[in-house]
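A short write-up of the structure that comes next.
The values are calculated or read from the model by the stated rules, or taken from the named source; none is laboratory data. None of these values were measured; they are calculated from a predicted model. Cβ: placed from backbone, ideal geometry, glycine included. Neighbour counts: every protein chain shown.
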Amino acid sequence: MTAAGVQEALAKVDSMQPDLIFADMRLPDGNGLDFTRSVRAARMESVIVVLTSHDLPEYRDAAIRSGADRFMSKGSINISEIFSVVESVLVTRFRVLVVAEDAAFSEQMDVFLSRGWPRAVVVCAADWEETLDTADTLKPDLIVVRSEPNTEWDRRFRDALGGLRAGGSAVVVSVCDADFVDARPVDHRIENGAECSQAMVTIINQTLAHLSGRF
């Protein structure tokens, strides 16, 4: 999400509780320091990175005193630094990738996971190319796939699964309809229906127990 000023940003932060915030030093209705102090006064634990065009020691000191976690100069910042900050946040979170052509299913899973596990990071992908790109960055702990009785979808699933397995140790769950025979080499198969939510709760809790040493 983005915001054009301090007040808009504070409203969005209050409603969405983001894990990571990049705040510009100069804003139309204030500055990044005012914003940072307000976030900290509300006892929000978001990681805050203050950005500025002027890499001056006094700016850096003021940002840290205001409660910022990092200070970056726009003139010298690079992609690897941004990725490093993002990864430092992600490593402490339970990361879930939902893969489905059906947008309603993705939204349903997003709500279910976000409400049940507030510290989960949930990312949805609609096709296999997007899935592989996202998995490479997210490094998910759990991948939930809405399996479709479709030959092309099945072929792409099998092709992508090797790449997903090679990229990490994610638990892969296939959610399919009752009349669909799912022979894919996944860790868990769940029938899409009344028992789906409870089955997901069991799998997620097992996965979290296995990852407990990381958090």
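Which of the residues spanning region 31-88 are in a loop (DSSP other than H, G, I, E, B), at pLDDT below 90, in contact with a Ser or Thr (Cβ under 9 Å, 6 or more places away or on another chain) and of a type in the set (G, A, S)?
Hits for region 31-88 are S53, G75.
May I ask you to verify whether S147 is surrounded by 18 or more Cβ atoms within 10 Å (Cβ to Cβ), polar (S, T, N, Q), touching a residue at least 12 places away in the same chain (Cβ under 8 Å) and in contact with a strand residue (DSSP E or B) (Cβ under 8 Å, 6 or more places away or on another chain)?
Answer is yes for this residue.
Out of curiosity, is S80 farther than 22 Å from T131 by Cα and outside the structural domain of T137 (by TED's automatic domain parsing)?
The answer is no for S80.
With the checklist (1) β-branched (V, I, T); (2) closer than 28 Å to D136 by Cβ; (3) under 18 Å from the mean Cα position of the chain (by Cα) in hand, flag the one item V13 doesn't pass.
(2)
Suppose the filter is of a type in the set (F, W, Y) and part of a strand (DSSP E or B); does F112 pass it?
Values: of a type in the set (F, W, Y): yes; part of a strand (DSSP E or B): no.
Criteria not met by F112.
Yes or no: S84 within 18 Å of the chain's Cα centre (by Cα), surrounded by fewer than 16 Cβ atoms within 10 Å (Cβ to Cβ) and among the small types (G, A, S)?
yes
Give the residues of region 45-63 that are over 15 Å from D34 (Cβ atoms) and either of a type in the set (S, T, Y) or exposed (fewer than 14 other Cβ atoms within 10 Å of the Cβ) (or both), sorted by residue number. Reasoning before the result, please.
Start the filter on region 45-63 by keeping residues that are over 15 Å from D34 (Cβ atoms), which leaves 45-47, 49, 53-58, 60-61.
Passing the criteria: E45, S46, S53, H54, L56, P57, E58, D61.
Is there a residue in region 144-151 that is out of contact with any Gly (no Cβ under 7 Å at 6 or more places or on another chain) and under 30 Å from L33 (Cα atoms)? First the steps, then the outcome.
Within region 144-151, the first condition is being out of contact with any Gly (no Cβ under 7 Å at 6 or more places or on another chain), and the residues that meet it are 144-151.
Of the ones still in play, those that are also under 30 Å from L33 (Cα atoms) are none.
Checked against the condition, which is being out of contact with any Gly (no Cβ under 7 Å at 6 or more places or on another chain) and under 30 Å from L33 (Cα atoms), region 144-151 yields no hits at all.
Report every pair of residues separated by at least 6 positions or lying on different chains whose Cβ atoms are under 6 Å apart, first residue within region 68-93 and closer than 21 Å to G32 by Cα, second outside any strand (DSSP E or B).
A68/T36; F71/R60; F71/A63; S73/D55; K74/S53; V89/D19
Within region 12-43, count every residue that is among the hydrophobic types (A, V, I, L, M, F, W, C) and closer than 25 Å to L90 by Cβ.
Here is the first cut: in region 12-43, the residues among the hydrophobic types (A, V, I, L, M, F, W, C) are 13, 16, 20-23, 25, 27, 33, 35, 39, 41-42.
Now narrow it down to the ones that are closer than 25 Å to L90 by Cβ: 13, 16, 20-23, 35, 39, 42.
The total comes to 9.
Which ones in region 158-215 are assigned to a loop (DSSP other than H, G, I, E, B), more than 14 Å from F94 (Cα to Cα) and modelled with pLDDT of 80 or more?
D177, V186, D187, N192, G193, A194, E195
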